[in-house]
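In what follows, a structure is listed as structure tokens, so that the remarks can point back to it.
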Amino acid sequence: MKSNRTHFVQQTAKAALISSVAFGLLLPAGIAGAATSKEAVTVTALAAASGEKTEKTASASADPAKVKFTKEAAIAKLKELFPILKDATVSNVQLGVSNVYPAPSNQMVWTIQWEYRLGNGGYGFSSSVDAINGDLLNTYISYPLLENESYYPPKLTKEQALEKAQAFISKAAASIKSSDLQLDENINNPNNGALFGPIQYSFSFRLLKNGIYSTADSIMISVNGNGDVTQFYRQGENLEYPSAKPVITKEQAEKSFADSFDVGLYYVPVRKNGLVNNWVLGWRPVEQTLLPIDALTGKRLDNEGSNMAAVPVTYTDVPQGKNLFKPNSTGNELTAEQAAILVKRIANIPADYKLINQSLGNDYQNKDMKVWRLNWSNDSRFNGGPPAQSYAEVDAQTGEILQFMVDQYAYDATKKPAAPPAGSKKLTQKEAKQKALELVNQMYNKASTNLKYVEHGGTWEVNPDKTGYRYQFIQFYKGIPVADSFVTLNLDLYGNVKFFSTARNIGIEKVTQEPVPVITKKEALATYQSEYKLMLQYHTIGGYMMYNSYTQPKIKLVYSATPLDIQKSMEIIDATTGKRVSVYEFYGVKGSTATTDLKGHSAEKELSELVRYNVITPDADGKVNPDQEITVGDWITLIAKASTPYFEGYYNGVEQKAVAGVNPESPYYSAVGFAVDRGWLSRDAVIQTDSKLTREQLAVLLTSFVKYNKISAFLDKDSSINQFSDISSISNKGAIALVVKLGLMKDDNGKFNPQLLVTKAQAASVIMKLVELQGKTDQKIGQNNYGY
């Protein structure tokens with residue numbers, strides 16, 4: 001069977017990883033690490049670019065004799081760039097980067113720790129400056145240090161903030177030519193996508209090398225609404241760049257790309273906030289289609305930078321083994337000891353390792369699954385790195401091993417391999433494959449029925465570092481491959497399990513009817529082929545873990561398949577309807593902002609802003625339905641999204657219990673839990689999330705949201721309430737008096753109409769009034785005490 005395996009999961013996973021670094025840097029201080037008392041916020045460049053070339057080695061070290069930019073000059077430069085540092089003190093300075101593991105190749109960096117005292121407490125953060133050319137590499141200024149915060153609407157437009165950012169880069173990193181800066185339009189969001197909170201514009205720039213776009217070097221910078229630069233981060237190893245002159249012409253690469261372009265039919269998980277929300281039968285490009293083409297050889301490159309085998313990837317049956325996985329049938333959850341025994345039956349835990357940690361919790365992908373997380377260690381260290389540990393995750397109900405890693409922090413390339421077990425012998429490639437097939441039968445339920453073996457061909461099964469063997473299996477359902485559902489197994493040369501991981505596909509069993517495609521492969525192929533262009537660029541390969549082994553980073557000159565529309569690259573074609581479906585919705589990736597029913601509406605401006613900030617999402621036809629009445633749960637969800645777009649991700653893997661009378665099964669559960677955690681709702685309340693929201697209920701909820709509950713009680717007899725002719729029908733007079741005084745709600749021909757139901761348009765108008773009220777009250781609106 002020809003492969004339909006796609007590159008999509010690797011692309012999105014990689015994008016998510018890069019985005020998590022970028023967004024982690026650009027989050028408000030409280031999210032990235034709120035500082036109270038002695039707590040520190042530290043963001044350190046994973047790698048720095050300097051004027052002196054170095055090679056990536058585990059033993060990279062700083063050489064004081066090579067310093068050209070002194071620490072005094074570095075401190076002075078930082079104070080000049082960030083005037084707010086005049087009130088901060090330097091607590092520590094070192095040459096080199098010691099708080100990142102594995103250590104960056106460029107150690108010619110001044111790492112400077114700052115401390116800002118506030119009474120008995122304080123904030124800590126770090127900066128780094130290149131010790132060769134004096135370029136700023138990173139600095140993170142915590143929000144609580146800033147005064148006169150700029151809220152919506154900001155003093156600076158996005159265009160003005162961009163000019164500030166570009167001017168700052170020219171001053172902070174003089175070695176970079178302005179002509180080599182290329183704005184990345186796909187990672188630029190105002191205020192982290194949140195309506196509430198101080199305005200912050202975040203920009204990402206790619207750097208051109210030899211006039212060519214590079215994925216290896218980038219700058220991320222944040223400018224607040226007042227024009228102050230608050231964060232700066234330069235990402236990029238100081239690696240050797242090959243010549244910019246390709247051997248393969250663009251025409252040759254384009255022909256190869258067109259000739260080999262292919263799509264496959266899959267069951268595709270639709271994810272929302274990182275969790276599987278639905279399943280779709282869809283067409284999408286296969287992996288080889290989107291892998292980069294080496295500009296020197298014309299061959300596809302895999303994720304390790306090796307030329308792909310000429311033979312196509314195929315799927316073959318997994319033969320049923322003699323020893324099969326047997327689910328726990330006791331009806332009781334396993335104990336930690338029982339889970340550990342199951343792991344030891346399959347994996348070789350080093351003899352000197354002890355079980356040092358065991359915890360039972362919800363699976364991060366499936367809130368209904370309990371998982372044992374187990375750590376074994378001998379507490380040794382890799383040259384000052386993290387302790388050597390073996391780690392496993394085991395389904396507490398079935399006993400299935402979901403993940404296993406030997407020495408999960410084994411980044412160090414100089415680490416000596418463990419001595420082989422007594423009496424063991426090295427396996428041939430054929431013997432190792434047979435061992436892998438036996439193991440997957442023992443570890444995966446009904447492996448021979450539900451899995452296919454992924455045949456890469458050639459010597460792919462041999463690890464690039466020659467230390468063992470690797471294998472991939474893919475899940476099938478109703479005769480169709482399941483996208484992103486890989487089982488990965490890595491063995492050492494003696495057949496011991498080094499790494500095992502299985503995908504958690506939640507809810508696919510709910511697809512009881514086999515969908516019938518109405519879109520042909522030919523039609524899907526034509527659509528996708530028009531959505532990509534080939535771009536000559538420098539491409540980074542490595543610098544990350546694969547199969548529990550660290551892949552050294554390197555740079556290749558490639559022709560890369562680049563989407564013309566980044567949003568479309570996150571979509572697939574639903575084979576049963578022909579419509580596009582976004583299958584990976586997560587913070588930082590916006591949904592559609594095209595609307596069809598807002599033009600001319602009295603709340604068009606307010607609703608459009610909520611759509612732009614992803615607080616409201618138009619349906620498939622672009623409709624917002626502005627005059628639709630909303631429920632109490634709808635309102636709570638709207639303000640949660642306006643405050644923190646990624647709020648639902650807070651509860652992944654957290655044991656869920658009823659909150660404020662709302663059960664975990666409710667679609668409003670996460671929003672209610674978030675509101676309770678923020679103090680917008682009482683944990684002891686019983687919230688009727690499905691009931692339609694009245695104007696009086698909205699007034700009460702608003703008083704809690706702005707944290708003025710006590711004042712509203714004081715205003716219960718305030719004379720301002722007498723303006724309403726229907727005062728006798730108002731129960732919560734103080735709440736209504738408060739929201740009227742704040743300008744959030746008003747009368748309608750002398751009446752308040754407390755029982756009138758609230759529409760989506762009216763809710764949007766109130767939210768925008770709240771947003772514009774920010775900075776004018778003593779309490780922060782839509783944020784906690786840390787400002788997020």
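The values are calculated or read from the model by the stated rules, or taken from the named source; none is laboratory data. Computed from a prediction, not measured in an experiment: that's the story for all the values here. Ideal geometry is used to build each Cβ from the backbone, glycine not excepted, and the neighbour counts take in all protein chains shown.
Quick one: which residue in Asn652, Asn625 is at pLDDT below 90 and among the polar types (S, T, N, Q)?
Asn652 is the lone residue from the list that is at pLDDT below 90 and among the polar types (S, T, N, Q).
Take the residues in the range 254-279 that are under 28 Å from Met308 (Cβ atoms) and among the aliphatic types (A, V, I, L, M); name whichever of them is surrounded by the most Cβ atoms within 10 Å (Cβ to Cβ).
This residue is Val268.
Given the options Lys177, Lys209, name the one that is touching a strand residue (DSSP E or B) at 6+ places or on another chain (Cβ under 7 Å), surrounded by fewer than 22 Cβ atoms within 10 Å (Cβ to Cβ) and on the phi < 0 side of the Ramachandran plot.
Lys209
Please determine, by comparing only the residues of the range 656-670 that are of a type in the set (A, V, I, L, M) and part of a loop (DSSP other than H, G, I, E, B), which one is modelled with the lowest pLDDT.
Per the stated criteria, the residue is Ala658.
Inspect all residues belonging to the range 749-766 and state whether any of them is over 23 Å from Tyr650 (Cα atoms), surrounded by 16 or more Cβ atoms within 10 Å (Cβ to Cβ), of a type in the set (Phe, Trp, Tyr) and more than 41 Å from the chain's Cα centre (by Cα).
For the range 749-766, residues over 23 Å from Tyr650 (Cα atoms), surrounded by 16 or more Cβ atoms within 10 Å (Cβ to Cβ), of a type in the set (Phe, Trp, Tyr) and more than 41 Å from the chain's Cα centre (by Cα): present.
Filter the range 739-788 down to the residues that are of a type in the set (D, E, K, R) and in a helix (DSSP H, G or I) and list them by number.
Listed by number, the residues that qualify are Lys741, Lys760, Lys769, Glu772.
So the check is Cβ under 9 Å with 6+ separation or different chains; which pairs have a first residue in the range 767-782 that's under 18 Å from Phe674 (Cβ atoms) and a second one that's in a helix (DSSP H, G or I) and among the β-branched types (Val, Ile, Thr)?
Ile767/Ile639; Leu770/Ile639; Ile781/Val771; Gly782/Ile639; Gly782/Val771
For the condition surrounded by 15 or more Cβ atoms within 10 Å (Cβ to Cβ) and more than 14 Å from Tyr315 (Cβ to Cβ), what is the one hit in Ala483, Ala447, Ala432, Ala422?
Ala432
Determine whether the range 669-681 contains at least one residue that is in the same structural domain as Val758 (by TED's automatic domain parsing) and surrounded by fewer than 19 Cβ atoms within 10 Å (Cβ to Cβ).
yes
Right, Gly591: surrounded by fewer than 18 Cβ atoms within 10 Å (Cβ to Cβ) and either at pLDDT 90 or above or touching a Lys or Arg at 6+ places or on another chain (Cβ under 6 Å) (or both) or not?
Considered against the rule, which asks whether it is surrounded by fewer than 18 Cβ atoms within 10 Å (Cβ to Cβ) and either at pLDDT 90 or above or touching a Lys or Arg at 6+ places or on another chain (Cβ under 6 Å) (or both), Gly591 comes out as no.
With respect to Leu156, is the statement that it is on the phi < 0 side of the Ramachandran plot and in a helix (DSSP H, G or I) true?
Criteria not met by Leu156.
Do you know which of the residues in the range 595-611 that are in a loop (DSSP other than H, G, I, E, B) and touching a residue at least 24 places away in the same chain (Cβ under 8 Å) is nearest to Glu772 (Cα to Cα)?
Among those that are in a loop (DSSP other than H, G, I, E, B) and touching a residue at least 24 places away in the same chain (Cβ under 8 Å), it is Ala603.
Being at pLDDT 85 or above, outside the structural domain of Asp184 (by TED's automatic domain parsing) and farther than 30 Å from Ala253 by Cα is the requirement here; does Asp565 meet it?
Judged against the criteria, Asp565 is not a match.
For the range 631-655, enumerate the residues that are surrounded by fewer than 22 Cβ atoms within 10 Å (Cβ to Cβ) and in a loop (DSSP other than H, G, I, E, B).
If the condition is that a residue be surrounded by fewer than 22 Cβ atoms within 10 Å (Cβ to Cβ) and in a loop (DSSP other than H, G, I, E, B), then Tyr646, Asn652, Gly653, Val654, Glu655 are the ones that fit.
So Leu701 clears everything in (1) under 27 Å from Met768 (Cβ atoms); (2) of a type outside the set (Gly, Ala, Ser); (3) in a loop (DSSP other than H, G, I, E, B) except one condition, right? Which one?
(3)
Would you please name the residue that is surrounded by the most Cβ atoms within 10 Å (Cβ to Cβ), looking only at residues in the range 78-92 that are over 33 Å from the mean Cα position of the chain (by Cα) and of a type in the set (D, E, K, R)?
Result: Glu80.
With respect to the numbered conditions (1) touching a helix residue (DSSP H, G or I) at 6+ places or on another chain (Cβ under 6 Å); (2) modelled with pLDDT under 90; (3) among the β-branched types (Val, Ile, Thr), which one is the sole condition not fulfilled by Val129?
Of everything listed in (1) touching a helix residue (DSSP H, G or I) at 6+ places or on another chain (Cβ under 6 Å); (2) modelled with pLDDT under 90; (3) among the β-branched types (Val, Ile, Thr), Val129 misses just condition (2).
Only one of Ile727, Ile711, Ile736 is out of contact with any strand residue (DSSP E or B) (no Cβ under 7 Å at 6 or more places or on another chain), over 23 Å from Ala675 (Cα atoms) and among the hydrophobic types (A, V, I, L, M, F, W, C). Can you tell me which?
Within the list Ile727, Ile711, Ile736, the selection yields Ile727.
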